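**Q** A single structure is presented below for examination.
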Amino acid sequence: MAASVLLSVVIPGLSAAQGLQNLVKGSSGKPDTVTMADSIAKPALTLEEIIRQNENYFDLLKSGQSRLGQVYDTTYLSEEIPIIERVIERIFESFDEEEISFNLQYLNELENLIGGYGVQVGRWQNEINKRTSTYQEIKENLSTIKLSYNQRATIVDSLALPTLNKQWELLNKRLTYTDSLYTHHHAFALELQSKLSNLVIGINDVRDDIKEKKQRIRNGFLEKESPYIWEKNRLGESNPILSLVTDSITLNKVIFRSYLKRNIRYVIVMVLVGILLYGWFSYLVRTISLEKEFSMLILDRSKYITFSPLVCSILCTLTLTPYILPYPPNTVIFLSLLGMAGCSTILLQPVLFTRVFRLWLFMVVSLIIFGGSNLLIEHSFEERYYLIALSCIGILIGSSAIVLINKKPDQYPDYLRFLIYLYLGMQAASVIFQSLGRFGLAKLLAVTSTLSTMQAISLYMFVLVIMEALYLQTEVAQSNQKEFTNYLNYKSIYRQLNKIFVTVAIFMWLYFLTLNLSTNDFIFTTISEFLSAVRNVGNTSFTFGSILVFVLIVWFSSLLARYTAYFAAIKDSQQADLRNKRLGSSILLIRLAVLIIGFFAALAVSGISLDKLAIVLGALSVGIGFGLQTIVNNLVSGIILAFERPIQIGDVIEVGNRSGVVKEVGIRSSTIQAYDGSEVIIPNGDLLSQHLINWTLSDRKRRIEIIVGVAYGSDLKVVQEVLLEVLRNNEILSIPEPRVFVHNFADSAVEFRLLFWVSNFDTWIGVKNQVLLDTYEAFNYAGIEIPFPQRDLHVKTIVSEIAGPIKKEE
């Protein structure tokens, strides 16, 4: 044994066992060359390395036991999986037996329920997959340890190294124990995976059946379901309305409770959002009331948050609820909409006229009736008469609203007229289809028109509340408690942000409209297929989806760049006297950075190849070289202006024969607002190529020069003292000192030159005006004459020369 160990040390490529075999073969004179080559190719571990490796194995086994011993709470799975299985089984039974005459609303409810189950099962699968990946890692470690144990245990002689042998025995025991733990947990995880996989299959099958039945119902919308309204015979019996309402309430309760239980985390998040909004709104009102001198003027611009921060926070929370909660059932959507309508009623009551508020109350009642009818699991032909009557009343109410809007169109939102016309059209169509026996289509139109109208108005209220909150936040952000946002700035900011929020609200409403019409799946699927289809133009392939993504990202980046520049310009205008603290022309660099980042992000997200872009840029370079020289010159000049900063927004400049205040430094051109109110667009190249006078580059001080004339014969020293006294004005700087010089002996007067400085360029005209007024009064008081131009005319006539010829003529 000692010889074999020694051989393994001398020849590192040989193990102890192989060394012993070679010694035996060497004594017979027949060395095993193949074994030698293999041994040299795969160096064996020495005993010291084996001991250190065993230590690592013990650590791996300990870590594996610890990870396998972690307690995973799977009791919820044992409770939830059977429930989902029973629900799926029950849905299949109802589909097969056709015991329920499904309507579109009920199928949508089932689809939302199954969709929620799908999300939940997918989350469980991810958790189990993470655990199985952990088990797989442990299995690989166990396999490595087993292989090493089987290969290395034979070289240990218990007589020579008994301690190492005990180490191998202990390793084997821990290996066996860890392997049994792994087998148990892995089998349990596989069982859960199998159950979840079966659930996924069942959920997908139910989804397919639901989509098929929904399509069948849509295809049969124009088929006659009930008798004409003038017929007394009935096509078929339907469940009594009272029992149907009772069954529907029971089912919706079950769905509502199950949904809240599955999504309790989202519910908690929405509650926290509501609390934060209430705290924010209350803070704004309280801070302005206590710290702002013009608090009443500021709060008067806020109608709703000032009236009730609590109601506004509830309105905003309920507005966001259907869009944040995953797969919300119709019950959740209806309750959210009902809460939004209630909050809007509280906020509108002090604002609306009595007649308009009554119309609104009818819409709230219609929402309750139509929304409740939308929750019924089956159609009941008994409700057709109630729905027809309510639709007819709705048409009258909508017509009255149109009359009121036409009388005072400026008092109502622009979109309201379109919304009411849409409501009237859908309600009229509902009455027609009800009369013709198309009950399902008629009910769908009536319910959708009411719910969508109320949703649109509530969304508009949500936008108004958010806009008020942003305005109040800008007021709170003012550093001086006496300051308040200029009304023109407020209106300008409101118009800019209002476009964004109204656009978002329109998309939210359109989604809600398609959801009510049960066309969301069809529309989204059609659009998705159209956008994802691959098109080929020559050797180039593309999809409209990638083009749309590219355009949207570029548009969003340009929008972001524009609004960033807009709000930065507003901030600069509030710091007109502090040039160093203004961003000025650096706003252009920010805009360029946003546009460039957005452009490359659009390329990356849309998947457009940079090679294709290089071809396009190469083609553009030819056009740039010939026809776009001026544009490129202006672009580069704009970048130079941004870096060198010879002008900034708010500076007073003169370029050529134009002067005014810089309003914007754009990428291609800059805008100057002249003193007559006009806005002059000057290419950036002209700002660099022409002589540029910047009155406010270093500071806003300006020297003023006035020429004053006095009559000949005046005491010049007295005049000089009077003028110096006039220049001792609070608005005139003492340093540099005002100066008065005798300027010129003119034809009609002795002219004096007044030189003085004012601290603010914006006030120099007013100061000059005051100095001239004071000079006139001071001269009158001192008896100093201000001459006006005069000329002596000497007329010389010779009488004899004129009278002589006259007499001769006589």
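The values are calculated or read from the model by the stated rules, or taken from the named source; none is laboratory data. All figures in this text were calculated on a predicted structure; none of them were measured in a lab. Positions of Cβ are generated from backbone atoms using ideal geometry, with glycine treated the same way; all protein chains shown enter the neighbour counts. Quick note on the areas: whole protein, heavy atoms, side chains included, nothing else; ligands and nucleic acids left out. Shrake-Rupley method; radii C 1.70, N 1.55, O 1.52, S 1.80 Å.
**Q** Name every residue in the range 703-731 that is under 24 Å from VAL661 (Cα atoms) and either open to solvent by 40 Å² or more (accessible area, probe 1.4 Å) or modelled with pLDDT under 85 (or both), in order of residue number.
**A** ARG703, GLU705, GLU731 - these are the residues of the range 703-731 that are under 24 Å from VAL661 (Cα atoms) and either open to solvent by 40 Å² or more (accessible area, probe 1.4 Å) or modelled with pLDDT under 85 (or both).
**Q** Still on this model: Take SER248 and decide whether it is more than 29 Å from SER373 (Cβ to Cβ), modelled with pLDDT under 85 and either aromatic (Phe, Trp, Tyr) or open to solvent by less than 20 Å² (accessible area, probe 1.4 Å) (or both).
**A** Values: more than 29 Å from SER373 (Cβ to Cβ): no; modelled with pLDDT under 85: yes; either aromatic (Phe, Trp, Tyr) or open to solvent by less than 20 Å² (accessible area, probe 1.4 Å) (or both): yes.
Here the answer is no, as SER248 does not meet what is asked.
**Q** A further question follows. Within the range 761-776, does at least one residue satisfy the condition of being among the polar types (S, T, N, Q), touching a residue at least 24 places away in the same chain (Cβ under 8 Å) and within 27 Å of ILE653 (Cβ to Cβ)?
**A** Initial filter on the range 761-776 (among the polar types (S, T, N, Q)): 763, 769-770, 775.
Narrowing further to those that are touching a residue at least 24 places away in the same chain (Cβ under 8 Å): 763, 770, 775.
Pick out the ones that are also within 27 Å of ILE653 (Cβ to Cβ) and you get 763, 770.
Yes, because at least one residue in the range 761-776 is among the polar types (S, T, N, Q), touching a residue at least 24 places away in the same chain (Cβ under 8 Å) and within 27 Å of ILE653 (Cβ to Cβ).
**Q** Does ILE201 meet the test of being modelled with pLDDT of 80 or more and loosely packed, with under 14 Cβ neighbours inside 10 Å? Steps first, answer last, please.
**A** On the way: modelled with pLDDT of 80 or more: yes; loosely packed, with under 14 Cβ neighbours inside 10 Å: yes.
Answer is yes for this residue.
To keep it simple, each residue is scored yes or no on (1) open to solvent by 70 Å² or more (accessible area, probe 1.4 Å); (2) farther than 22 Å from SER458 by Cα; (3) modelled with pLDDT of 70 or more; (4) in contact with a Pro (Cβ under 6 Å, 6 or more places away or on another chain).
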site	(1), (2), (3), (4)
LYS482	yes, yes, no, no
ASN489	no, yes, no, no
LEU497	no, no, yes, no
ILE500	no, no, yes, no
VAL504	yes, no, yes, no
LEU510	yes, no, yes, no
LEU513	no, no, yes, no
THR519	no, yes, yes, no
PHE524	yes, yes, yes, no
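**Q** I'd like to know if the range 421-441 contains one or more residues that are open to solvent by less than 50 Å² (accessible area, probe 1.4 Å) and within 30 Å of LEU497 (Cβ to Cβ).
**A** Yes: the range 421-441 contains one or more residues that are open to solvent by less than 50 Å² (accessible area, probe 1.4 Å) and within 30 Å of LEU497 (Cβ to Cβ).
**Q** Would you confirm whether any residue within the range 710-732 is touching a helix residue (DSSP H, G or I) at 6+ places or on another chain (Cβ under 6 Å), more than 30 Å from ILE784 (Cα to Cα) and assigned to a helix (DSSP H, G or I)?
**A** Filtering the range 710-732 for residues touching a helix residue (DSSP H, G or I) at 6+ places or on another chain (Cβ under 6 Å) gives 710, 722, 726, 731.
Retained after the next criterion (residues that are more than 30 Å from ILE784 (Cα to Cα)): none.
No, the range 710-732 has no match at all.
**Q** I would also like to ask the following. From the set of residues in the range 293-319 that are among the β-branched types (Val, Ile, Thr) and assigned to a helix (DSSP H, G or I), which is farthest from VAL447 (Cα to Cα)?
**A** As a first pass, look at the range 293-319 and keep what is among the β-branched types (Val, Ile, Thr): 298, 305-306, 311, 314, 317, 319.
Next, from what is left, pick out any that are assigned to a helix (DSSP H, G or I): 298, 311, 314, 317, 319.
Working: ILE298: 41, VAL311: 26, ILE314: 24, THR317: 24, THR319: 19 Å.
Once the filter is applied, the top-ranked residue is ILE298.
**Q** Is there any pair linking a residue in the range 409-429 that is more than 28 Å from PHE439 (Cβ to Cβ) to one that is assigned to a helix (DSSP H, G or I) and open to solvent by 50 Å² or more (accessible area, probe 1.4 Å), with Cβ under 7 Å and at least six apart or on different chains, and which?
**A** Final answer for the pair search is PRO413/TYR460.
**Q** Name the single residue that is nearest to ALA446 (Cα to Cα) among those in the range 344-359 being free of Cβ contacts under 8 Å to residues at least 60 places away in the same chain and assigned to a helix (DSSP H, G or I). If you could, list the steps in order and put the result at the bottom.
**A** Of the residues in the range 344-359, the ones free of Cβ contacts under 8 Å to residues at least 60 places away in the same chain are 345-346, 349-359.
Checking which are assigned to a helix (DSSP H, G or I) leaves us with 345-346, 354-359.
On the way: THR345: 22, ILE346: 25, THR354: 26, ARG355: 24, VAL356: 22, PHE357: 22, ARG358: 20, LEU359: 17 Å.
Per the stated criteria, the residue is LEU359.
**Q** Here's another thing I want to ask about it. Looking at SER399 and the list (1) open to solvent by 40 Å² or more (accessible area, probe 1.4 Å); (2) within 21 Å of THR246 (Cα to Cα), which single condition is not satisfied?
**A** In the conditions (1) open to solvent by 40 Å² or more (accessible area, probe 1.4 Å); (2) within 21 Å of THR246 (Cα to Cα), SER399 misses (2) alone.
**Q** For the condition farther than 30 Å from TYR675 by Cα and not aromatic (Phe, Trp, Tyr), what is the one hit in VAL719, VAL708?
**A** Values: VAL708 fails: farther than 30 Å from TYR675 by Cα.
Answer to the check: VAL719.
**Q** Looking at this structure, is MET363 in contact with a Gly (Cβ under 9 Å, 6 or more places away or on another chain) and part of a helix (DSSP H, G or I)? Don't jump to the end; show me each part of the working.
**A** Numbers: in contact with a Gly (Cβ under 9 Å, 6 or more places away or on another chain): yes; part of a helix (DSSP H, G or I): yes.
Against the criterion (in contact with a Gly (Cβ under 9 Å, 6 or more places away or on another chain) and part of a helix (DSSP H, G or I)), MET363 qualifies.
**Q** Pairs needed: first member in the range 512-529, under 18 Å from ASN330 (Cβ atoms); second member anywhere, of a type in the set (Val, Ile, Thr) and assigned to a helix (DSSP H, G or I); C-beta distance under 8 Å; at least 6 residues apart or different chains.
**A** From the range 512-529, the pairs are LEU513/THR448; THR514/ILE523; LEU515/ILE333; ASN516/VAL447; ASN516/THR448; LEU517/THR448; ASN520/THR514.
**Q** Follow-up question, since we're still on this one. Is there a residue in the range 320-343 that is modelled with pLDDT of 90 or more, assigned to a helix (DSSP H, G or I), open to solvent by less than 50 Å² (accessible area, probe 1.4 Å) and over 22 Å from PHE512 (Cα atoms)?
**A** Taking every residue of the range 320-343 in turn, none turns out to be modelled with pLDDT of 90 or more, assigned to a helix (DSSP H, G or I), open to solvent by less than 50 Å² (accessible area, probe 1.4 Å) and over 22 Å from PHE512 (Cα atoms).
**Q** Does any residue in the range 550-567 that is more than 26 Å from ILE649 (Cα to Cα) and at pLDDT 80 or above come within less than 8 Å, Cβ to Cβ, of a residue that is in a helix (DSSP H, G or I) and open to solvent by 80 Å² or more (accessible area, probe 1.4 Å) six or more places away or on a different chain, and which pairs are these?
**A** Close Cβ pairs satisfying both conditions: PHE550/VAL605; ILE553/VAL605.
**Q** Would you point out the residue of the range 178-192, among those that are touching a Leu at 6+ places or on another chain (Cβ under 7 Å) and in contact (Cβ under 8 Å) with a residue 60 or more places away in the chain, that is surrounded by the fewest Cβ atoms within 10 Å (Cβ to Cβ)? Talk me through it step by step, then tell me what you get.
**A** Step one: filter the range 178-192 for residues touching a Leu at 6+ places or on another chain (Cβ under 7 Å), giving 178-179, 181-182, 185, 192.
Then keep just the ones that are in contact (Cβ under 8 Å) with a residue 60 or more places away in the chain; that gives 178, 181-182, 185, 192.
Working: THR178: 21, LEU181: 16, TYR182: 20, HIS185: 20, LEU192: 20.
Only one residue fits best here, namely LEU181.
**Q** Okay, moving on. Criterion first (surrounded by 15 or more Cβ atoms within 10 Å (Cβ to Cβ) and either acidic (Asp, Glu) or farther than 19 Å from PHE357 by Cβ (or both)) does SER449 satisfy it?
**A** Working: surrounded by 15 or more Cβ atoms within 10 Å (Cβ to Cβ): yes; either acidic (Asp, Glu) or farther than 19 Å from PHE357 by Cβ (or both): yes.
So SER449 passes the test.
**Q** When the range 310-331 is examined, which residues are found to be over 24 Å from the mean Cα position of the chain (by Cα) and not β-branched (Val, Ile, Thr)? Steps first, answer last, please.
**A** Residues of the range 310-331 over 24 Å from the mean Cα position of the chain (by Cα): 310-311, 329-331.
Of everything in the range 310-331, those that are over 24 Å from the mean Cα position of the chain (by Cα) and not β-branched (Val, Ile, Thr) turn out to be LEU310, PRO329, ASN330.
**Q** Right, next: Among the candidates VAL632, VAL662, which residue alone is out of contact with any Gly (no Cβ under 6 Å at 6 or more places or on another chain), under 26 Å from VAL594 (Cβ atoms), without any contact (Cβ under 8 Å) to a residue 12 or more places away in the chain and outside any loop (DSSP other than H, G, I, E, B)?
**A** Matching residue, one of VAL632, VAL662: VAL632.
**Q** Follow-up. I'm trying to understand the selection: among the residues of the range 346-371, which are surrounded by fewer than 17 Cβ atoms within 10 Å (Cβ to Cβ) and not hydrophobic (A, V, I, L, M, F, W, C)?
**A** GLN349, PRO350, THR354, ARG355, ARG358
**Q** Of everything in the range 733-769, what is closer than 14 Å to GLY709 by Cβ, part of a loop (DSSP other than H, G, I, E, B) and open to solvent by less than 60 Å² (accessible area, probe 1.4 Å)? Give them in sequence order.
**A** If we filter the range 733-769 for residues that are closer than 14 Å to GLY709 by Cβ, which is where we start, we get 740-754.
Checking which are part of a loop (DSSP other than H, G, I, E, B) leaves us with 746-749.
If the condition is that a residue be closer than 14 Å to GLY709 by Cβ, part of a loop (DSSP other than H, G, I, E, B) and open to solvent by less than 60 Å² (accessible area, probe 1.4 Å), then ALA746, SER748, ALA749 are the ones that fit.
**Q** Looking at the range 406-416 only, could you name the residues that are surrounded by fewer than 17 Cβ atoms within 10 Å (Cβ to Cβ) and touching a helix residue (DSSP H, G or I) at 6+ places or on another chain (Cβ under 7 Å)?
**A** Of everything in the range 406-416, those that are surrounded by fewer than 17 Cβ atoms within 10 Å (Cβ to Cβ) and touching a helix residue (DSSP H, G or I) at 6+ places or on another chain (Cβ under 7 Å) turn out to be TYR412, PRO413.
**Q** I would also like to ask the following. Can you go through ILE128, ILE100, ILE114 and tell me which one is within 20 Å of SER258 (Cβ to Cβ), modelled with pLDDT of 80 or more and either in a loop (DSSP other than H, G, I, E, B) or under 39 Å from the mean Cα position of the chain (by Cα) (or both)?
**A** Numbers: ILE128 fails: within 20 Å of SER258 (Cβ to Cβ); ILE100 fails: modelled with pLDDT of 80 or more.
When all the criteria are applied, what remains is ILE114.
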